[in-house]
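The values are calculated or read from the model by the stated rules, or taken from the named source; none is laboratory data. Every value quoted in this text rests on a predicted model; they were computed, and no experiment measured them. Positions of Cβ are backbone-derived with ideal geometry, glycine not excepted, and every protein chain shown enters the neighbour counts. Remember, those area values only see protein heavy atoms, side chains included, never the ligands or the DNA or RNA. Shrake-Rupley method; radii C 1.70, N 1.55, O 1.52, S 1.80 Å.
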Amino acid sequence: MAGKVFFSVSMSLDGFIAPESSEDLMGQQWMELQQWIFPLRFFRENLKLGEGGKEGRDNDIARETFERTGASVMGKRMFDAGEQMWPEEAPFHTPVFVVTHEKRDPWERPGGTTFHFVDDGIETALDQAREAAGDRDVRIAGGGATILEYVNAGLVDEFSIALSPVLFGAGIRLFDGVDASRVALEPVRSEPSSRVTHLTYAVRLR
């Protein structure tokens, strides 16, 4: 049986998931947005940053998100930014399908991540990701425009937001341009931690 299609992001209280400019991706606001995940044991293990790290529900959720993912899909903007920042052993450890207009051979990295470049649309990328994922889930990794395309196309089954106690004021809004006439949400779970509030919703066609 095919798994779900989902996304999982950190979001500021005023609705932003990233700064407008990719040059600010490692800036102070973005670091504050993601600060809940950096100390986690799983994060440190996955990026080979050494032993130790925080346990608890945040750590469990980060690990569960990784373990359910059999393949990922991302947009070219996210790939371009990540190509500069990810370590040699990219943190996905599964096939990743990049939605792009560029023809390019697959790019294999140590640790099980291979980037495949798909130049004929979001549905083709998802079909390839589903096949690669088998009975595990497909994660729409980002960025915001790519997530929105999949939501508006009715191709997302579920999503989770780590609502972070930080304000951006400007940047990329998660739902800026969503087709609210077609998309309805059903609450699945709400879990507060000492750092963020984890919100999970099922997505239904309205």
Just a yes or no: is a residue in region 45-53 surrounded by fewer than 17 Cβ atoms within 10 Å (Cβ to Cβ) and within 18 Å of R195 (Cα to Cα)?
yes
How about region 188-206: which of its residues are touching a strand residue (DSSP E or B) at 6+ places or on another chain (Cβ under 6 Å), within 20 Å of L13 (Cα to Cα) and not small (G, A, S)?
V188, R189, E191, V196, T197, H198, L199, T200, Y201
Quick test of your reading of the structure: F66 fulfils all but one of (1) open to solvent by 50 Å² or more (accessible area, probe 1.4 Å); (2) among the aromatic types (F, W, Y); (3) farther than 18 Å from F6 by Cα. Name the failing condition by number.
(3)
Residue among V156, V138 that is at pLDDT 95 or above and part of a loop (DSSP other than H, G, I, E, B):
V156
Show the residue pairs meeting these rules: Cβ distance below 7 Å; 6+ apart or different chains; first residue within region 8-19 and under 15 Å from S160 (Cβ atoms); second residue among the charged types (D, E, K, R) and part of a strand (DSSP E or B).
S8/R139
Working carefully through the options L148, L185, L163, find the one that is without any contact (Cβ under 8 Å) to a residue 40 or more places away in the chain and in a strand (DSSP E or B).
L185
Mind checking which residues of region 7-29 are among the aliphatic types (A, V, I, L, M), over 21 Å from P192 (Cα atoms) and either modelled with pLDDT under 80 or open to solvent by 40 Å² or more (accessible area, probe 1.4 Å) (or both)?
L25, M26
Unique match (being open to solvent by 20 Å² or more (accessible area, probe 1.4 Å), of a type outside the set (V, I, T) and either in contact with a strand residue (DSSP E or B) (Cβ under 7 Å, 6 or more places away or on another chain) or more than 24 Å from Y150 (Cα to Cα) (or both)) among R104, R77:
R104
Given the criteria basic (K, R), in contact with a helix residue (DSSP H, G or I) (Cβ under 8 Å, 6 or more places away or on another chain), surrounded by 12 or more Cβ atoms within 10 Å (Cβ to Cβ) and within 22 Å of K4 (Cβ to Cβ), does R182 qualify?
yes
Looking only at region 185-206, how many residues end up being more than 20 Å from I37 (Cα to Cα), β-branched (V, I, T) and surrounded by 16 or more Cβ atoms within 10 Å (Cβ to Cβ)?
1
